[in-house]
């Protein structure tokens with residue numbers, strides 16, 4: 001009986017579909033079209049003579065055979081990576097900058113996934129403001145940055161448009177007649193500028209009640225009841241509530257998340273493709 005060898009690219013496509021829960025995000029991670037990923041999966045299912053993925057209009061779910069095959073597929077790819085890594089003399093370095101307003105609570109899991117998939121890649125991550133990170137990228141200190149849209153920049157690959165809202169502690173109360181107290185990041189911060197402009201255009205009086213050095217500090221100020229902050233929903237501190245409608249505050253626009261990268265090919269390129277696909281998933285959720 002002839003040995004039915006598996007196509008590793010097809011196995012990788014299946015793993016991306018399983019881990020990212022989407023053909024679209026899997027296509028981004030594989031750097032293929034969605035139809036190409038679907039064809040890879042179809043040929044893999046034909047080779048294994050079973051259905052791995054059940055497709056519905058709303059979501060992707062593994063079949064029982066797919067669940068059973070996933071762990072073996074991940075092991076197969078890991079063995080392949082270890083085998084090819086033996087001919088590499090040193091670890092490749094990838095320096096990534098991620099805006100503080102983009103790096104949400106899921107970031108550690110995303111970085112851990114990148115490391116697990118390629119232990120020969122040395123990943124360095126810097127968190128900062130979009131403006132500072134773009135300057136470092138332009139100085140070639142960083143290989144790639146994931147940031148908010150920055151004034152004056154038209155380059156970059158769009159990853160998502162993320163919704164923002166006005167959030168506060170559930171126990172916080174606005175004192176009538178007083179300016180709206182805001183908890184913001186220190187300059188330079190595009191979200192801070194955007195929030196101030198939107199309030200000014202709506203004729204809402206406001207003042208800075210807290211200025212933090214990072215989103216974590218701003219979230220702590222919100223939790224402490226110091227004021228209101230413009231935040232993406234996935235960045236919220238525990239228990240924070242949207243007070244925009246209650247206070248009659250103007251709606252905040254969706255803000256773009258962009259990838260700026262000079263990573264060409266190889267394992268660093270593959271890792272960035274996986275990270276970009278993951279960010280599309282969490283920011284568009």
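The values are calculated or read from the model by the stated rules, or taken from the named source; none is laboratory data. Fair warning: this is a prediction, and the values are worked out from it, not measured in the lab. With ideal geometry, Cβ positions are generated from the backbone for all residues, glycine too; neighbour counts draw on all protein chains shown.
Of all the residues in segment 75-98, those that are at pLDDT 85 or above and either assigned to a loop (DSSP other than H, G, I, E, B) or within 30 Å of residue 235 (Cβ to Cβ) (or both) number 4. Could you please let me know if residue 255 is within 18 Å of residue 102 (Cβ to Cβ), modelled with pLDDT under 85 and crowded, with 16+ Cβ neighbours inside 10 Å? Spelling it out, residue 255 is indeed within 18 Å of residue 102 (Cβ to Cβ), modelled with pLDDT under 85 and crowded, with 16+ Cβ neighbours inside 10 Å.
In segment 12-35, the residues that are closer than 14 Å to residue 54 by Cα form Cβ pairs under 9 Å with partners that are modelled with pLDDT of 85 or more and in a loop (DSSP other than H, G, I, E, B), at six or more places apart or across chains, as follows: 14/52; 17/52; 18/52.
Only a single criterion out of (1) at pLDDT 80 or above; (2) touching a helix residue (DSSP H, G or I) at 6+ places or on another chain (Cβ under 7 Å); (3) surrounded by 19 or more Cβ atoms within 10 Å (Cβ to Cβ) is not satisfied by residue 118, namely (1). Residues that are within 22 Å of the chain's Cα centre (by Cα) and within 30 Å of residue 76 (Cα to Cα) do occur in segment 125-135. Kindly establish whether residue 195 is in contact (Cβ under 8 Å) with a residue 60 or more places away in the chain and either under 21 Å from the mean Cα position of the chain (by Cα) or assigned to a helix (DSSP H, G or I) (or both). When the stated conditions are applied, residue 195 does not pass them. Within segment 265-281, none of the residues are part of a loop (DSSP other than H, G, I, E, B) and either touching a strand residue (DSSP E or B) at 6+ places or on another chain (Cβ under 6 Å) or farther than 30 Å from residue 26 by Cβ (or both). Of 202, 221, all but one fail to be touching a residue at least 12 places away in the same chain (Cβ under 8 Å) and surrounded by fewer than 16 Cβ atoms within 10 Å (Cβ to Cβ); the exception is 202. If you filter segment 225-252 down to residues that are under 21 Å from residue 98 (Cα atoms) and at pLDDT 85 or above, you find that the one that is nearest to the chain's Cα centre (by Cα) is 231.
Select from segment 133-186 the residues that are without any contact (Cβ under 8 Å) to a residue 24 or more places away in the chain and part of a helix (DSSP H, G or I) and write down the one among them that is surrounded by the fewest Cβ atoms within 10 Å (Cβ to Cβ). Across segment 133-186, the extreme among qualifying residues is 138.
Among residues that are part of a helix (DSSP H, G or I) and either at pLDDT 85 or above or loosely packed, with under 14 Cβ neighbours inside 10 Å (or both), residue 110 is not included. Quick check on my filter: what residues within segment 1-33 are part of a helix (DSSP H, G or I) and either outside the structural domain of residue 66 (by TED's automatic domain parsing) or over 19 Å from residue 259 (Cβ atoms) (or both)? Result: 8, 9, 10, 11, 12, 13, 14, 15, 17, 18, 19, 23.
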